[in-house]
Amino acid sequence: ERPDSCVNEPVPHMLKAIKDAPDAPSPFVWVYPFREYNEATTAEELNDMFAEDWWVRGAIANGFPLCTVVSTDNFLLHDKSLYAGSVLVTPVPKAGTAIERALLQYADEGGKIIFYGKPGRAGDALRKRINIAVTDDAVQGELPMIVRGNPAGTVLVDPLVCSGALNTVLLDPNGEAQVLAEAGGKVAATAGPNVVWLRAIVSSAYTGASRLQQHDRTKYYLADDLAREAAACFGWDIRYDRVNPAAPSPVNML
């Protein structure tokens, strides 16, 4: 009993998608927790889901070429050789889950993964892999940002949209994964063999509208850009030179 337009409008797009379907996964594959998000019940889980999705939205809008998605449940069923030419991009999984075990095994066997989100829900093995510990003290607001050891301006951390303030530090100064970015003295990203972790700082503000408003690039460092820094760790160097500092980033599809 739906209006015809509800059926007719998406049909051309679906037909084009079928005609142009890729013959292999793209260079970056989103391993997305559809079921886990659907089962979220606590305020923290919902806050995490909001922040993680908005961070990915910002990463894509700022040039990170994330063009293929698979659910965590389907990923578990696949022959992992399907992803040999890709970098997986996925939220930090909960400790003791099948997807956490599968992702750790995948990394152990040489697979490349970008984890994003708060590490508090991760198990000890994953925290050791990304070399991150959670502390009781946290920082928020306007913070000096350092990326690859170089000053990168100021990042604005709003706990409302970032699912909390920053409270992450290195677990082991001599660990395999080392600091890729830090903000206000806290670790915002680490990079190690086959694995990168990003805190997923949302560089957008809630203004009362239905969508967040991206921070002013001329005033703040956009943490969305850390996704491209992570891509560079795996050989994908995507950068922009702006004549106009306020110009939006091109969006890439690979």
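The values are calculated or read from the model by the stated rules, or taken from the named source; none is laboratory data. Note that the structure is predicted; figures quoted are calculated from it, not measured. Counting neighbours? That spans all protein chains shown, and the Cβs are built from the backbone with ideal geometry, glycine included. Side chains are part of the model used for accessible areas, which takes the heavy atoms of the whole protein and leaves out ligands, DNA and RNA. Shrake-Rupley method; radii C 1.70, N 1.55, O 1.52, S 1.80 Å.
Could you give every pair whose Cβ atoms fall below 8 Å, whose first residue belongs to the range 6-23 and is farther than 24 Å from Leu254 by Cα, and whose second residue is open to solvent by less than 100 Å² (accessible area, probe 1.4 Å) and charged (D, E, K, R), counting only separations of at least 6 or pairs across chains? Listed pairs, sorted by first residue: none to list.
One residue stands out in the range 218-237 among those that are surrounded by 22 or more Cβ atoms within 10 Å (Cβ to Cβ) and not in a helix (DSSP H, G or I): the one that is nearest to the chain's Cα centre (by Cα), namely Leu222.
Taken over the range 219-254, the criterion of being at pLDDT 95 or above and over 23 Å from Tyr116 (Cβ atoms) is satisfied by Lys219 alone.
Could you tell me whether Val187 is of a type in the set (A, V, I, L, M, F, W, C) and closer than 20 Å to Glu52 by Cβ? Before you say what the answer is, go through the steps one by one.
Numbers: of a type in the set (A, V, I, L, M, F, W, C): yes; closer than 20 Å to Glu52 by Cβ: yes.
Here the answer is yes, as Val187 does meet what is asked.
With the requirement that a residue be assigned to a helix (DSSP H, G or I) and either closer than 14 Å to Ala223 by Cα or touching a residue at least 60 places away in the same chain (Cβ under 8 Å) (or both), what does the range 160-194 give you?
Looking only at the range 160-194, we keep the residues that are assigned to a helix (DSSP H, G or I), and these are 160-162.
Those that are assigned to a helix (DSSP H, G or I) and either closer than 14 Å to Ala223 by Cα or touching a residue at least 60 places away in the same chain (Cβ under 8 Å) (or both): Val161, Cys162.
Residues that are open to solvent by 60 Å² or more (accessible area, probe 1.4 Å) and closer than 25 Å to Gln213 by Cα within the range 155-181 comprise just one, Leu160.
Figure legend. Inter-residue proximity from the range 233-249: first residues more than 13 Å from Asn62 (Cα to Cα), second residues open to solvent by less than 90 Å² (accessible area, probe 1.4 Å) and in a loop (DSSP other than H, G, I, E, B), beta-carbon distance below 8 Å, spacing 6+ or different chains. Indicated pairs: Trp236/Pro27; Trp236/Pro65; Pro245/Arg217; Pro245/Thr218.
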